[in-house]
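Taking it in order: structure first as structure tokens, then the write-up.
The values are calculated or read from the model by the stated rules, or taken from the named source; none is laboratory data. The structure displayed is predicted, hence computed values, not measured ones. Here the Cβ positions follow ideal geometry from the backbone for every residue, glycine too, while neighbour counts run over all protein chains shown. Surface accessibility is based on the protein's heavy atoms, side chains included, excluding ligands, DNA and RNA. Shrake-Rupley method; radii C 1.70, N 1.55, O 1.52, S 1.80 Å.
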Amino acid sequence: MSIRTPAVAGTFYPASVPDVHAALDQAFAAASQVAASHVVESAREQPSALKEMRDLVGNPGVKALIVPHAGWIFSGSTAANAFRLLEGRLGIERVVILGPAHRVWVPGLAMSSHSAWTTPLGNIRVHYPQELQALPFVETNDSTHAHEHSIEVLVPFIQRMLGDVTITPIVVGGAGRKQVAQALDAVWGGPETLIVISTDLSHYLDYAHAIEADRETTAAILQLRSTIRSDRACGAYPLNGMMMAAKQRGMNIRLLASCNSGDTAGDLDSVVGYAAFALTDARGDDEAGGYS
């Protein structure tokens, strides 16, 4: 068995099993503290808003999550707002994770050749469907995966919430939104497949300007616009492909949480923005009751 070893355990998140569990416990405990302020304000005006957010927990209609990928002390609680929706969720067998390339660029999308990845919580199997492998803009490139954090930092959350599932980790380099949407079609599957899009928002603005920029980006995401700029979201390429696929499929989207590193563990002069969203298919929704 060929196994990818962790690249950022001990930096972006802890390296020991007890410390990983403690950090995950802390992230989930702090999740409600970073709930988006405008979601809370809406809930005061319309009390059903927070109830509807709670209704997403365990909801089989949740098909995709959008989560940040910074070091856990910065964005872990925001990511936890999305991953906690998986509590009590049955039937998920595979999680497809699309994250941007921070270190080794690829022209399209890249798979890993490894049959498993490992984190401090153990091994997790890797699988790529033939439909994805057959796409001409998808390659196997271990160098782009080797030191990439945008996918790895999310895997322990998946292991905690879903246990023994397979993952389909995909690094997105220069692929356009249509290519990403086509790749998503190839891996979409049914209720056994969950899709996770990994992205942070604005980078290194001061606190006030970051809030303004991230509100604009959040509004665009909630409109399923597939024209997010890379200076507004480092995972803009996978995000735009997801937005295109979601709009084509008539999906619904909910904002779960938003904050920035100035709210969690950083200074206010230069911050990174984070947000978490859930996407549901229309039928399922109706039926449901580092630093960057």
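At least 1 residues being charged (D, E, K, R) and out of contact with any strand residue (DSSP E or B) (no Cβ under 9 Å at 6 or more places or on another chain) is the threshold, and among the helices (runs of 4 or more DSSP H) wholly inside segment 190-266 those reaching it are 207-222, 236-248.
Rundown of residues vs (1) within 18 Å of SER112 (Cβ to Cβ); (2) open to solvent by less than 60 Å² (accessible area, probe 1.4 Å), yes/no style:
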{"residue": "ASP142", "(1), (2)": "yes, yes"}
{"residue": "GLU152", "(1), (2)": "yes, yes"}
{"residue": "ILE158", "(1), (2)": "yes, yes"}
{"residue": "GLY176", "(1), (2)": "no, yes"}
{"residue": "ILE195", "(1), (2)": "yes, yes"}
{"residue": "GLU216", "(1), (2)": "no, no"}
{"residue": "GLN248", "(1), (2)": "no, no"}
{"residue": "ILE253", "(1), (2)": "no, yes"}
{"residue": "SER258", "(1), (2)": "no, yes"}
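Kindly establish whether LEU98 is closer than 16 Å to GLU148 by Cβ, part of a strand (DSSP E or B) and not β-branched (Val, Ile, Thr).
For LEU98, the condition - closer than 16 Å to GLU148 by Cβ, part of a strand (DSSP E or B) and not β-branched (Val, Ile, Thr) - is met.
On the basis of being under 19 Å from PRO68 (Cα atoms), at pLDDT below 95 and among the hydrophobic types (A, V, I, L, M, F, W, C), does ILE211 make the cut? Spelling it out, ILE211 is indeed under 19 Å from PRO68 (Cα atoms), at pLDDT below 95 and among the hydrophobic types (A, V, I, L, M, F, W, C).
Taking segment 1-13 as the range and being assigned to a loop (DSSP other than H, G, I, E, B) and open to solvent by 30 Å² or more (accessible area, probe 1.4 Å) as the test, the residues that pass are MET1, SER2, THR5, PRO6, ALA7, GLY10, THR11. A single entry from SER150, SER143 fulfils the requirement of being of a type in the set (Ser, Thr, Tyr) and under 16 Å from the mean Cα position of the chain (by Cα): SER150.
Looking at ASP206, ASP269, ASP214, ASP231, just one residue is touching a helix residue (DSSP H, G or I) at 6+ places or on another chain (Cβ under 8 Å) and over 24 Å from TYR128 (Cα atoms), and that residue is ASP269. Tallying residues that are touching a Pro at 6+ places or on another chain (Cβ under 9 Å), surrounded by fewer than 24 Cβ atoms within 10 Å (Cβ to Cβ) and not aliphatic (A, V, I, L, M) within segment 101-113 yields 1.
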